[in-house]
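Readers should treat all values here as calculations from the given coordinates under stated rules, not as data from a laboratory. These numbers were taken from a predicted model, which means no experiment stands behind them. We place every Cβ from the backbone using ideal geometry, glycine too, and count neighbours over all the protein chains shown.
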Amino acid sequence: MRSFTRSRVAVPLAIAGALAMASAPVLAQDASTPADPFGPAEKADLTIAIPFPDIVMYGRYYIADEEGYFEDEGLTVDVVTADSTVAAVASGSADIGVESAGAALLAANEGLPVRVIGSHSCRQSFNFAVQPDVTSAADLAGKDIVLAGTAGDPAQFEREKVLAEAGWDVSDVGANVVYPGPDSATWRQFFLAGNVALMPFYEDDRLALEEYGASFPISEVKAWPNDSYIASTDWLAQNPNTAGRFLRAVMRATQFLQAPALGELPVNKDRVIEIYQANEVDTAAQEANPGVYSLQAYNYCPNLYYGQEAFDTTVANQQLDVDVTFEDAADLGPLLAAQGSLGLANDPPADIAWPGN
């Protein structure tokens, strides 16, 4: 695994634990504010495993750090990349992981001791780029296309579904599906070299694709589960306050990123860009985009929603053959407590207005 360490805020364990015990709750307590449901964090130094490093994965951790949300919870966070976040969590080398919604359920179905504890991203953006000479699905015959980074990724089924519904059914045109690697930066390299004719892309890919002359036939956002937070059953049993405090800090970072609300111009854009730049993030795409979704926050739910509906949608859309039930795949105690402390309900995401819809 490759480690990303925030040395600027690294706090020795003993100090962090003292902060957790001495700090006042995040929310000012008055007659209208729920009492803080969490005791001190059982574990102050957390390792979070993510599948690949990019701003979508890192961004809210930067914000939670710089805006003091982790400090408020008595936590310090070290982010690492892992070939398998499920393995990292199950083995104890990471405390919490980010895993695709389908893969998280498959892991639980296989009997691995991991549970979904909330959503990392509760919507999915489906953006596709094609080579300039491709004007229909038929033009993909005999050409290599990307639908997922690795073979067996359940997200491939969802992308095929969206393509077919938009008139770009690639299942019977003779295209060759290839798997260049887990992140869109790798897919983009293959695309810009002319090696693949179609790829899914994200907003931080757009500038390079536009400069290249790619076409963008499909751009949609669906209120479908995307990535989930996972933790091991043993770790959750030993660290319920830590889990809830981490989730609450991420909720606050999400609210900061989306303020005042999705679909409106982000009032904290300048501060977010400042935070990203301080962490050596290339913010050219965010700065060049004047739109309401310039910070790429549309995939997130401020309550980190997860529930039966999310479980059912993932199983159906990704055609998962699983016996595991929602009750056995998820442990939402810390999530529900964190939501309640912020006055949030565990409501599923609403559809949002989208430029490509």
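Remark on Asp144: its backbone amide H falls under 5 Å from those of Asn176, Ala197, a criterion applied only to residues 5 or more positions apart or on other chains, H modelled at 1.01 Å from N. Think of each Lys and Arg Cβ as +1 and each Asp and Glu Cβ as -1; about the Cα centre, that makes the dipole of region 124-222 roughly 100 debye.
Applied to region 107-123, the Karplus parametrisation 6.51 cos²θ - 1.76 cosθ + 1.60 on θ = phi - 60° returns per-residue 3J(HN,Hα) values of 5, 5, 5, 7, x, 6, x, 10, 9, 6, 10, x, 8, 7, 9, 9, 10 Hz, with x for Gly and Pro. Annotation: amide H-H contacts under 5 Å for Val77 (H modelled 1.01 Å from N, sequence separation of 5 or more, or interchain): Leu46. If both residues of a DSSP beta bridge must be in region 127-256, then about 65% of such bridges are antiparallel. Restricting to bridges with both residues inside the chain, how much of the DSSP beta-bridge set is antiparallel, in percent to the nearest 5? So the antiparallel bridges amount to about 65 percent of the total. Annotation: extensible slack from Gln189 through Ser91 equals 32.0 nm (criterion: 0.36 nm per residue apart, minus Cα-Cα distance).
For Ala310, the shell of other residues with beta-carbons less than 13 Å away shows a net charge of -2, using +1 for Lys and Arg and -1 for Asp and Glu. Couplings 3J(HN,Hα) of region 224-236, computed from phi: 10, x, 10, 10, 10, 7, 10, 8, 7, 4, 5, 5, 4 Hz, in residue order, whole Hz [Karplus 6.51 cos²θ - 1.76 cosθ + 1.60, θ = phi - 60°; x for Gly and Pro]. Count Lys and Arg as plus one, Asp and Glu as minus one, and take only other residues whose Cβ is under 13 Å from that of Leu336; the net charge is then -1.
Rounded to the nearest whole Hz, the Karplus-based 3J(HN,Hα) values (6.51 cos²θ - 1.76 cosθ + 1.60, θ = phi - 60°) of region 250-262 follow the sequence 5, 4, 5, 5, 5, 4, 5, 5, 8, 4, x, 5, 4, with x at glycine and proline.
Amide H contacts of Asp227 (H built 1.01 Å from N, in plane; Pro and chain starts excluded): Ala101, His120, Ser121 sit under 5 Å, all sequence-distant by 5 or more or on other chains. Counting beta carbons within 10 Å around each of Val89, Val114 and listing the fewest first gives the order Val114, Val89. With just the Cα atoms defining each centre, how far is region 56-134 from region 183-258? Give it in Å. So the separation of the two Cα centres works out to 9 Å.
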